[in-house]
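Have a look at the structure that comes next, please.
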Amino acid sequence: MKNKINKWFYQGILPRGTAILLLILLSGCGARIGDFTASSTKNFNLPLSVKETGPRVSGQDCAFKLLGLIPIGHVYPDAKGATDKALEKANANFLLDTVWDVESVWFILASQTCLTVEGTPVTLQ
C-alpha cells in the first residue's frame, strides 16, 4: 500500500504541483494605463500654428527588483523617461493620441516592470 502511495505521489502529484508552481512563479501581467490626447515633457507656447506629424513612435522605461523587494536602479518605471525616449526617437515636441501600457513579469528571483508610451510625434515649427 505504501508503494502505491509513493508511486502516486512521485509520478502524479509532485510533477504536476511543481509545474503549476513554476507557472505561477514565472507569470506576469499587463494593464493599459490610459489614452491621452497629448503628452509631452517639453515646454512649448500656444497657440500652435504649424505642425509636422510622423509615424507612431514608442518609448519604454523599466524598473527591476531582486526578490521582489530590492530595487536595481530606480524603484518604479518613470513616465517622463518613457515619454522622453519616444520624443527623442522622432525629435518631436509632443505626442498625440498616446497610449500608456504597464507590464510586469516575475521570475523566480527577480521581477521587471515596464511602462511603454506610444503616440504620434508632433514637431512644432
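Which residue, of Lys65, Lys85, Lys80, is under 26 Å from Leu23 (Cβ atoms) and among the basic types (Lys, Arg)?
Checking each option against the conditions leaves just Lys65.
Something else: List the pairs whose first member sits in the stretch 57-86 and is in contact (Cβ under 8 Å) with a residue 60 or more places away in the chain, whose second member is of a type in the set (S, T, N, Q), and whose Cβ atoms are under 6 Å apart, counting only residues at least 6 apart or on separate chains?
Correct list of pairs: Ser58/Thr116.
Out of (1) more than 29 Å from Leu23 (Cβ to Cβ); (2) buried (at least 17 other Cβ atoms within 10 Å of the Cβ); (3) in contact (Cβ under 8 Å) with a residue 40 or more places away in the chain, what's the single condition that is false for Thr116?
Just one mismatch for Thr116, condition (1).
Readers should treat all values here as calculations from the given coordinates under stated rules, not as data from a laboratory. Everything quoted here is computed from the prediction, not taken from an experiment. We place every Cβ from the backbone using ideal geometry, glycine too, and count neighbours over all the protein chains shown.
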